[in-house]
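Comments concern the structure below.
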Amino acid sequence: MCPPCDRGEGAAPRAWRQGDESVNRVLRVGVLPKVLSVDATPVLPSTRSASLAPPLRLHLGLGWAIAGLLNILFDLLPGEEARSGGADAVLAHAVDLGRHLGLGLLSICCAWLFQRGLPAGSPLGWCALAVFSLALGALSLPTDLDGLAERLGESLGVGPDLASLLIVAGISGAVPALAWLTRHRGWRRPWLGVSVQAASGVAALAAFACNVSISPGNNPSAHLYLSWLTAVLAAAALPRLELSLASEQRRITALALGAALGMCSLWALFGRHTNSVMIWVARRPSSLHLLAVLQRDGGLDNVHATVAARAGAFFAPRSEARPVPPSRTRPAVDRPVVVLFSIDSLRADMLGRPEGRQAMPQLFALSEAGVYFTRARAPGSMTKFTLGAVSSGRYFSQQYWSGGKNRWPREDKSVHLASLLSQAGVHTAAFRAAEWLDNSVGILRGFERSLFEGEHLAINANWIDGKALTAQLISELEANADRRGFYWVHYLDSHSPYVRGGGAPFERYLHALGTVDAYLGQLREAITRLGLGERATVLVVADHGEAFGEHGARFHGSSLYDELIRVPLLAFGAGVVARSIDTPVSLIDLGPTILDWFGLDTPSSFMGESLVPLLLGGSRPFARPIVAETGLKQSMLFEDGYKAIRDLRRETLELYDLKNDPGELNNLSDQIDPEHEEHMLLLRSFFQVHTYRENGYRVPYVK
Ligand SMILES: [Zn+2]
């Protein structure tokens with residue numbers, strides 16, 4: 001991994017040969033360890049056969065071992081349930097430690113090979129380390145740090161690409177710089193050397209802390225880089241260690257030990273581990289997923305033809321399907337007005353918790369006064385996944401994403417909900433909290449009016465405050481009160497880091513939700529004031545949930561567990577028959593529902609089915625599956641209450657019986673049961689059939 005920088009064994013530096021006493025003193029007390037062997041070691045034995053010149057190589061190996069042990073220690077700390085013990089956890093620790101040791105041994109071998117070809121006194125070793133560090137950083141960091149780069153670019157007044165370059169150069173350049181400092185022999189004061197070593201140790205711990213806390217479950221290449229950073233900085237911080245292999249017996253012992261460790265590493269790196277062990281490894285953000293940085297598409301194995309025949313029309317290509325006509329039972333509403341009120345990061349269970357009800361009195365009142373779908377799921381756990389799916393009726397991997405670093409469905413050909421409504425003469429308006437919800441970007445498309453105005457939110461200078469959005473929505477309703485209308489407002493006020501109040505993160509989250517709840521109250525008042533009570537129907541949804549430690553995760557986007565994809569879905573106002581509905585539904589059904597409400601056909605490309613019969617007090621059978629995706633994870637909810645999750649990047653499978661295990665803690669996918677295989681087959685088949693394919697195109701799954 002890390003090329004060494006040694007001058008070669010026995011090539012003592014000039015200062016040593018000339019008897020520089022200050023250097024000798026420092027070396028003797030072991031203040032300057034031999035980590036990265038630019039620093040020749042005067043105490044090395046004079047012949048190759050007497051020693052493997054261990055300081056550099058040994059330290060690199062130990063650095064990786066330390067990174068692996070830190071992972072285990074971290075898991076032993078009192079923490080969430082997801083990190084508790086069990087046989088799977090022990091095996092997962094062994095696999096992860098084995099992988100760390102494997103990389104340690106690989107580093108030792110690379111260092112040894114590199115060092116043999118390097119001329120004495122050459123600075124090439126340092127250059128190689130710097131180049132390696134920069135290359136690894138450039139390959140693994142930019143995609144994952146684009147948000148940070150954007151913010152830095154804005155504050156420095158430079159473009160995001162330059163900002164990204166600065167960040168990568170800063171992080172990657174710090175490694176060789178710090179390592180060089182720990183090897184530097186010219187300190188006049190020994191304590192300076194000790195301080196640099198201590199700084200390297202602190203930096204290693206900081207890299208580890210970042211690794212376990214930043215974006216758990218996402219950004220595998222950044223996590224791999226942070227593991228490497230931890231190992232190298234830990235190596236640089238180690239005090240001098242000597243491994244003398246002068247005797248035959250010691251050499252044999254060392255070889256035997258190396259061979260045993262090598263075997264363990266090979267088992268950890270290339271052995272077939274059970275699915276449940278791999279899920280354990282996958283849930284720990286700092287564990288090594290060497291293959292996880294590679295994108296997978298799971299391959300095609302022609303299972304879909306047989307599955308499609310059994311599973312129904314939504315498991316076959318939709319291009320041949322016919323548009324779906326409106327429901328026979330029509331809502332008794334003249335010139336309908338529909339407002340889609342979407343709230344960022346609102347968990348479904350907030351309506352069932354006393355603190356949630358207290359924070360959102362409006363929403364709670366509506367859950368009793370309107371139609372309340374208690375088991376609604378979002379089609380993704382990231383904003384653009386869900387909003388794009390609602391608008392286009394198609395899942396993320398069905399759309400065509402193009403562009404450079406930040407890809408958008410600008411050239412996607414999907415038919416969008418608002419386009420169909422606008423064509424039918426319905427007034428359509430979007431109130432955008434974010435610039436990228438503009439028609440031209442393609443997440444939302446087809447709105448007659450698309451407003452992005454008002455005061456910016458304190459949490460993100462690119463986002464608009466909900467107060468302005470609500471005022472614009474109400475004045476647009478007023479100005480077009482006579483027309484049929486569809487209005488979509490999305491609030492980002494409740495997005496992390498929740499700055500609407502003080503206290504712990506969950507308290508601040510409640511404050512932020514309370515702010516948006518008040519806007520819902522303003523909308524209700526306006527509907528009454530404008531005399532739209534007999535015509536306006538409001539749909540309240542969230543784009544995804546929010547994790548507060550469940551499954552070791554924070555925020556959203558990292559997984560498809562219910563804390564992230566189960567969302568509120570409420571409908572109130574004209575035409576709806578108030579009740580609570582336990583039938584599982586998906587926000588992918590919103591497009592067909594709204595088209596149906598206006599009496600329009602739903603194109604066959606829409607993957608949902610209309611909820612209008614349910615809103616009117618009736619029922620209907622559903623043929624479409626309830627699917628979600630985020631990054632390279634895909635999930636499907638089945639009628640029997642089972643939920644399957646597949647991770648294409650880590651190649652893990654999960655299956656939960658939500659009736660008996662709503663917290664999704666007991667993974668059943670390893671139990672031999674043909675019925676479970678059927679669930680997995682359906683999930684795989686669905687995406688094999690529907691994923692967008694074109695020569696040279698890959699779905700840009702990131703994070
Ligand atoms: Zn969101």
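Every number here is computed from the coordinates shown, using simple stated rules; none is lab data. Computed from a predicted model, the values in this text were never measured in an experiment. Cβ: placed from backbone, ideal geometry, glycine included. Neighbour counts: every protein chain shown.
Restricting the trypsin sites (Lys or Arg not before Pro) of the stretch 251-292 to loop positions (DSSP other than H, G, I, E, B) with no more than 10 neighbouring Cβ atoms within 10 Å leaves R272. By its C-alpha gyration tensor, with a ≥ b ≥ c as the square roots of the eigenvalues, how is the stretch 435-490 shaped: rounded for a/c under 1.5, else prolate for a/b larger than b/c, else oblate? Cα axes put the stretch 435-490 in the oblate bin. Under a 5 Å amide H cut-off, with hydrogens placed 1.01 Å from N, G485 pairs with V337, V338, H427 among residues at least 5 apart or on other chains.
Only Cα pairs under 8 Å and 6+ residues apart enter the sum, and on that basis the relative contact order of the stretch 524-627 stands at 22 percent.
Packing-wise, with mean Cβ within 10 Å as the measure, how do 688-695, 164-171 rank, highest first? Can you show the working numbers first?
Numbers: 688-695: 15.1, 164-171: 17.1.
Descending packing order for the listed peptides: 164-171, 688-695.
For the stretch 652-664, backbone phi angles converted through the Karplus equation (6.51, -1.76, 1.60; θ = phi - 60°) give residue-by-residue couplings of 10, 10, 9, 9, 10, 9, 5, 5, 9, 9, x, x, 6 Hz, Gly and Pro being listed as x. For the stretch 553-565, putting each phi into the Karplus relation 6.51 cos²θ - 1.76 cosθ + 1.60 with θ = phi - 60° gives couplings of 10, 10, 6, 8, x, 8, 8, 10, 6, 5, 4, 9, 10 Hz, in residue order, rounded to whole numbers and with x for Gly and Pro.
Sorting C127, C210 from the fewest to the most surrounding beta carbons within 10 angstrom yields C127, C210.
Residues whose amide H comes within less than 5 Å of that of S669, counting only those at least five positions distant or on another chain, are L655 (H built at 1.01 Å from N in the peptide plane).
What ranking of D88, D657, D482 emerges when the number of other C-beta atoms within 10 Å of each C-beta is taken as an exposure proxy, fewest first? In order of increasing Cβ crowding within 10 Å: D482, D657, D88. Ranked for footprinting exposure by Cβ neighbours inside 10 Å, fewest first, Y225, Y400 give Y400, Y225.
What trypsin sites (Lys or Arg not before Pro) does the stretch 551-612 have in DSSP loop regions with at most 14 other beta carbons within 10 Å?
Working: sites: R554, R566, R579; in loops: none.
Hits after loop and neighbour filter: nothing returned.
For W463, the residues whose modelled amide H falls within less than 5 Å of its own, excluding neighbours fewer than 5 places apart on the same chain, are L457.
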